[in-house]
Amino acid sequence: MMLRIRNLESGYDRLKVLRHISIHVSTGEIVTIIGANGAGKTTLLKTIAGLIRSRAGEMLFEKQEITRLSPEKIVFLGCSLVPEGRQVFAPMTVRENLLLGGYVQYRRNKKNEVNVDLERIFGLFPILREREAQLAGTLSGGEQQMLAIGRALMARPKLIMMDEPSMGLAPLIVKDIFSIIKKLRDEGNTVLLVEQNAKAALGIADRGYVLETGRIVLEENAEDLLSNRDVQRAYLGRDLDTETKI
Amino acid sequence: MYWEAERECMDREELKQLQLEQLQATLSRVYMNVPFYRKKFDEMHVDPDECRSLDDLRKLPFTTKNDLRDNYPYGLFAVPLREVVRIHASSGTTGMSTVVGYTRNDIKNWSNLVARVLTAGGVTKDDVVQIAFGYSLFTGGFGLHYGAERIGASVIPISSGNTARQIKIMQDFKTTALVCTPSYALLIADTIQEMGIDINALSLKYGLFGAEPWSEQMRQEIQDKLRIIATDNYGLSEVMGPGVAGECLQRNGLHINEDHFLVEIINPETLEPVAPGEIGELVITTLTKEAFPVIRFRTRDLTRLMPEPCPCGRKTIRMLRVMGRTDDMLIIRGVNVFPSQIENVLMSVEGTEPHYQIVVDRKGALDEVTVMVEVSESIFFDEMKKQHELIETIKKRLASELSISVQVKLVEKKTIERAEGKAKRVIDNRKL
């Protein structure tokens, strides 16, 4: 098990967002967490990444307790976050953004490998090579998302966490992004994906959790979640009001 | 052979994590969607959010068959009826029936779990499976049917009854696996003998039996008479139906599908957990059921858990074959007696047939037990002395097994009524 979380509680100030979350991610899986706006999805990822301090519960990353570790340390251990809204460094070039992502490898005394990794990212996202010298702020939304993923990959993470990678992107671009995530898994990466686009996320995931008001209410394989009527009603836009009532 | 190796052979630590996740999710759902559970939790001041470990399960209230009856028919459903694709009702062995429902996902999971049990019992896609369980509100027929079909076996949905026709179909269709109750399997075996059919001319290889308690000796008897490998499987409609647990070919305890069912063993009187490995009542919490989840359902079935690893490679915990029901437990002169204990003794005695009935009467203030057992015909032609000897042997063994004395009566073959479904073993004439 790569990530194991038990009874995690987290929130902001006096607001308790996560009540008692228990989830796990096994090596080589895409696990998705779906839920409505405000259910606590982003809070969960931020808490795992160390950006928000948890209030209770335990988080083991590769059997190591990460509950009290700093975000840098967690990235160093191999757990990277692709944040919501990409958060690329707009005034820096594409190349510089990626190199910043490679800082962890540099610190691991693997600076020779940074160039290899850069090549790998350019192989995965050919458009980024074309835009290499361009300022990140001038990229399209889809390109920025690719850059954000590329930047996370530069740290050679064992677990990549992605927060709403499809947000604000055109449907065709969303399709690209999801096929890249699938490709990452097929190459042996492990992904924890938070999405409002439940259909797309469940389409590529192995397993999923449904998060509702700070609690997990369902854990099932992705296929079963897609055919779960509660999920269909709440997240897949199936309109049950128009169906015959009994 | 495994059906879902990644689950059946799952690392125990990983399994426990998964169980905790599913338990918490199930509790959140029943609290939200089932007024009965919400009310019960609130009354007992149990906050489902406070369930933080598998041991915390103990803080939760039990659910009993009576709760199910009180909420007849749909009160405990956790989804609206429009999400339900199937409705079953319990066979009502012990009273009014209870109603259970399944969503499409529930049916899918159920089929998979039965497929696991069938695979563990030797069935593959190449088998011809004759399902002699009733196809009705009872979960046996449809449960096994969907599982066998899921594997890809050729399924004969013959349903129960009409033994001569069962045997004809078995011959003509070249049935390789028989699915029914153990007592019905025995009836089929005896009928085959009577009809003078050569057992070697049949294609039978496996028998998967369940829905009633049976003994090791009875297994031997079925295996010898039908020349098959007979495995035991377990389930109950309140929890899902067949597919909760099943034996592998080791035939030593039933593997529980723990990634879908959380089990406990409690003392039926104190309701406290028994010491590990001790016999008690099986209590089941469903972990994945959508339409009809149950929390700490008291099965009334008596068994014990076998945590030792199984040579078959499955890592799921095993339970001993069900020894009887807490309701079957007879209290005779203050001593707890299970029909299965009596059965074990009878089966170990040479000259008896596996058909018996236990009659309990009260003479004055004293309970009196008479065990009626069928014996081979020859003994009635022998001297009386032999009959007396046999009675004495059985009495002595029963007395040492049960620590009470019982009467024994030998009866001729076929005097005790044969069941096509569940056998009726106990007649309690006491008016308590």
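The values are calculated or read from the model by the stated rules, or taken from the named source; none is laboratory data. A quick note: this is a predicted structure, and the numbers were derived from the prediction, not measured. Positions of Cβ are generated from backbone atoms using ideal geometry, with glycine treated the same way; all protein chains shown enter the neighbour counts. Only protein heavy atoms, including side chains, enter the accessible area calculation; ligands, DNA and RNA are left aside. Shrake-Rupley method; radii C 1.70, N 1.55, O 1.52, S 1.80 Å.
When we screen B:LEU118, B:LEU187 for residues that are more than 30 Å from A:VAL231 (Cα to Cα) and within 17 Å of the chain's Cα centre (by Cα), the only hit is B:LEU118. The one condition from (1) open to solvent by 20 Å² or more (accessible area, probe 1.4 Å); (2) in contact with a Pro (Cβ under 9 Å, 6 or more places away or on another chain) that B:ASN162 does not meet is (2). Of all residues in segment A:193-221, those satisfying the criterion of being of a type in the set (A, V, I, L, M, F, W, C) and either away from chain B (no Cβ under 14 Å) or in a loop (DSSP other than H, G, I, E, B) (or both) are A:LEU193, A:VAL194, A:ALA198, A:ALA200, A:ALA201, A:ILE204, A:ALA205.
The one condition from (1) under 19 Å from A:PHE178 (Cα atoms); (2) at pLDDT below 95 that A:GLU113 does not meet is (1). Give segment B:224-237 a look and list any residue that's out of contact with any helix residue (DSSP H, G or I) (no Cβ under 6 Å at 6 or more places or on another chain) and touching a residue at least 12 places away in the same chain (Cβ under 8 Å), or say none. B:ILE228, B:ILE229, B:THR231, B:ASP232, B:TYR234, B:GLY235, B:LEU236 - these are the residues of segment B:224-237 that are out of contact with any helix residue (DSSP H, G or I) (no Cβ under 6 Å at 6 or more places or on another chain) and touching a residue at least 12 places away in the same chain (Cβ under 8 Å).
Taking residues in segment A:101-115 that are in contact (Cβ under 8 Å) with a residue 24 or more places away in the chain and of a type outside the set (Lys, Arg), and partners anywhere that are open to solvent by 60 Å² or more (accessible area, probe 1.4 Å) and part of a helix (DSSP H, G or I), the pairs with Cβ atoms closer than 6 Å and at least 6 places apart or on different chains are A:VAL104/A:PHE76; A:GLN105/A:GLU113. Criterion first (at pLDDT 95 or above, open to solvent by 30 Å² or more (accessible area, probe 1.4 Å) and either assigned to a loop (DSSP other than H, G, I, E, B) or within 14 Å of another protein chain (Cβ to nearest Cβ) (or both)) does A:ALA133 satisfy it? Taking the combined requirement at face value, the residue satisfies it. Scan segment A:136-166 for residues that are free of Cβ contacts under 8 Å to residues at least 40 places away in the same chain, within 23 Å of A:ALA205 (Cβ to Cβ) and either touching a Phe, Trp or Tyr at 6+ places or on another chain (Cβ under 9 Å) or not in a helix (DSSP H, G or I) (or both) and the total you get is 2. Among residues of segment B:302-318 that are in a loop (DSSP other than H, G, I, E, B), those with a Cβ under 6 angstrom from a residue that is among the β-branched types (Val, Ile, Thr), sequence gap 6+ or separate chain, pair up as B:ARG304/B:ILE279; B:PRO307/B:ILE317; B:THR316/B:ILE256; B:ILE317/B:ILE256.
Whenever a residue of segment A:190-201 is open to solvent by less than 10 Å² (accessible area, probe 1.4 Å), its partners that are small (Gly, Ala, Ser), lying with C-beta atoms within less than 7 angstrom and at least six residues away or across chains, give the pairs A:THR190/A:GLY28; A:LEU193/A:ALA201; A:LEU193/A:ALA205; A:GLU195/A:SER166; A:GLU195/A:ALA201. On the given criteria, is A:LYS73 surrounded by fewer than 20 Cβ atoms within 10 Å (Cβ to Cβ), more than 28 Å from B:GLU6 (Cβ to Cβ) and within 11 Å of another protein chain (Cβ to nearest Cβ)? For A:LYS73, the condition - surrounded by fewer than 20 Cβ atoms within 10 Å (Cβ to Cβ), more than 28 Å from B:GLU6 (Cβ to Cβ) and within 11 Å of another protein chain (Cβ to nearest Cβ) - is not met. Within the option set B:PHE209, B:PHE142, being open to solvent by 10 Å² or more (accessible area, probe 1.4 Å) and modelled with pLDDT of 95 or more holds for one residue only, B:PHE142. Applying the set (1) modelled with pLDDT under 95; (2) over 30 Å from B:SER160 (Cβ atoms); (3) open to solvent by less than 30 Å² (accessible area, probe 1.4 Å); (4) touching a Leu at 6+ places or on another chain (Cβ under 9 Å) to B:GLU83 leaves exactly one unmet item: (4). Annotation note: Cβ proximity below 9 Å between a residue of segment B:183-198 that is without any contact (Cβ under 8 Å) to a residue 40 or more places away in the chain and surrounded by fewer than 18 Cβ atoms within 10 Å (Cβ to Cβ) and a residue that is in a helix (DSSP H, G or I) and among the polar types (S, T, N, Q) (sequence gap 6+ or interchain) occurs for B:THR191/B:THR163; B:THR191/B:GLN166; B:ILE197/B:GLN171; B:ILE197/B:THR191. Count of segment A:20-38 residues, restricted to those that are assigned to a loop (DSSP other than H, G, I, E, B) and within 24 Å of B:GLU13 (Cβ to Cβ), is 4. Quick one: in segment B:1-55, which of the residues that are among the small types (Gly, Ala, Ser) and either facing chain A (nearest Cβ under 9 Å) or not in a helix (DSSP H, G or I) (or both) is farthest from A:THR213 (Cα to Cα)? This residue is B:SER53.
Restricting segment A:1-19 to residues that are in a loop (DSSP other than H, G, I, E, B) and more than 12 Å from chain B (Cβ to nearest Cβ) leaves a set whose member that is nearest to A:LEU184 (Cα to Cα) is A:ASP13.
Is it the case, given these coordinates, that B:PRO293 is buried (at least 22 other Cβ atoms within 10 Å of the Cβ), modelled with pLDDT of 90 or more, out of contact with any His (no Cβ under 9 Å at 6 or more places or on another chain) and not hydroxyl-bearing (Ser, Thr, Tyr)? Here the answer is yes, as B:PRO293 does meet what is asked.
Applying a threshold of 6 Å to beta carbon distances and a minimum spacing of six or more residues, or different chains, the list of pairs starting in segment A:20-46 at a residue that is within 13 Å of another protein chain (Cβ to nearest Cβ) and ending at one that is assigned to a loop (DSSP other than H, G, I, E, B) and open to solvent by 20 Å² or more (accessible area, probe 1.4 Å) reads A:HIS24/A:MET1; A:SER26/A:MET1; A:GLU29/A:ASP206. Among the strands (runs of 3 or more DSSP E) confined to segment B:242-292, the ones with at least 3 residues that are among the aliphatic types (A, V, I, L, M) are located at B:261-266, B:280-286.
Picking from residues in segment B:326-352 that are open to solvent by 30 Å² or more (accessible area, probe 1.4 Å) and touching an Asp or Glu at 6+ places or on another chain (Cβ under 6 Å), the one that is farthest from B:LYS396 (Cα to Cα) is B:ARG333.
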